[in-house]
1. Quick one: residue 35 ticks every box in (1) surrounded by 19 or more Cβ atoms within 10 Å (Cβ to Cβ); (2) closer than 17 Å to residue 90 by Cα; (3) at pLDDT 85 or above; (4) out of contact with any Asp or Glu (no Cβ under 7 Å at 6 or more places or on another chain) bar one, so which box is it?
2. Residue under question is residue 146, and the condition is that it be hydrophobic (A, V, I, L, M, F, W, C) and at pLDDT 75 or above; does it hold?
3. Just checking, which of 106, 98, 86 is open to solvent by 40 Å² or more (accessible area, probe 1.4 Å) and modelled with pLDDT of 80 or more?
4. Suppose we filter 50, 41 for residues that are in contact with a Pro (Cβ under 9 Å, 6 or more places away or on another chain) and either at pLDDT 85 or above or open to solvent by 10 Å² or more (accessible area, probe 1.4 Å) (or both); which single one remains?
5. Would you mention how many residues in the range 53-71 are open to solvent by less than 60 Å² (accessible area, probe 1.4 Å), on the phi < 0 side of the Ramachandran plot and outside any strand (DSSP E or B)?
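The values are calculated or read from the model by the stated rules, or taken from the named source; none is laboratory data. What you are looking at is a predicted structure, and each value in this text was computed from that prediction instead of being measured. For neighbour counting, all protein chains shown are included, and Cβ atoms are generated from backbone atoms with ideal geometry for every residue, glycine included. Each accessible area value is taken on the protein alone, full model and side chains, heavy atoms only, with ligands, DNA and RNA left out. Shrake-Rupley method; radii C 1.70, N 1.55, O 1.52, S 1.80 Å.
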Amino acid sequence: MMKQAEEMHCNVGFLDPQIFSATLVQYKSKDVITAIKRAINHDYVVGAYNTGSHWVLVIIAMKWNVVWYLDSAKSFPLRKFKDVVTIVNWAYSEHMETKMKKNSKTKPKLTHKTDIKCAEQPLGSLSCGFYVALNMYDLLGDINVIKKASDYKATQEVDQGALRMVQRMLCDFILKEIIDPKGSFHDDPAHA
């Protein structure tokens, strides 16, 4: 996804899903805040957030001071994301304090939207991570649509071909970028 964003000249920062999780929000919130603050210098910040048992796509659009939560499991409509909302607000507030003039009385606040339509996984499905990747891929394909979240028209029912495409992309990434010694993310333990 990072390469796709670069090729499309999209100013997108990505959050590491190992850092952007409910567990680290609870136990190492400063690390999460630091990661968000690093990524927040982009027009958009995109992260796969792990609630502990489910993945949700979180997009912070700095230009419009809004955060969108794309949750593929609509069977939990009361999911509030309280912890991640708090941590994103803290990171944003710290970022804005350094960016704004000291004599400014008001600083912009983030709006959090959880009602964004996105590709939905079938009830009982455990494929939420693939749905996060699919929604991320769709949005990066047309990043301008994110300007107005109501313009995002995701196909709510996804055919298996779309999920297979995401799985192929993941496999290609693992093979070419991690396993291949010439890959950008190859870590050869013999040379460590």
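1. (4)
2. No: the conditions fail for residue 146.
3. 86
4. From the options 50, 41, the qualifying one is 50.
5. Total satisfying the criteria: 3.
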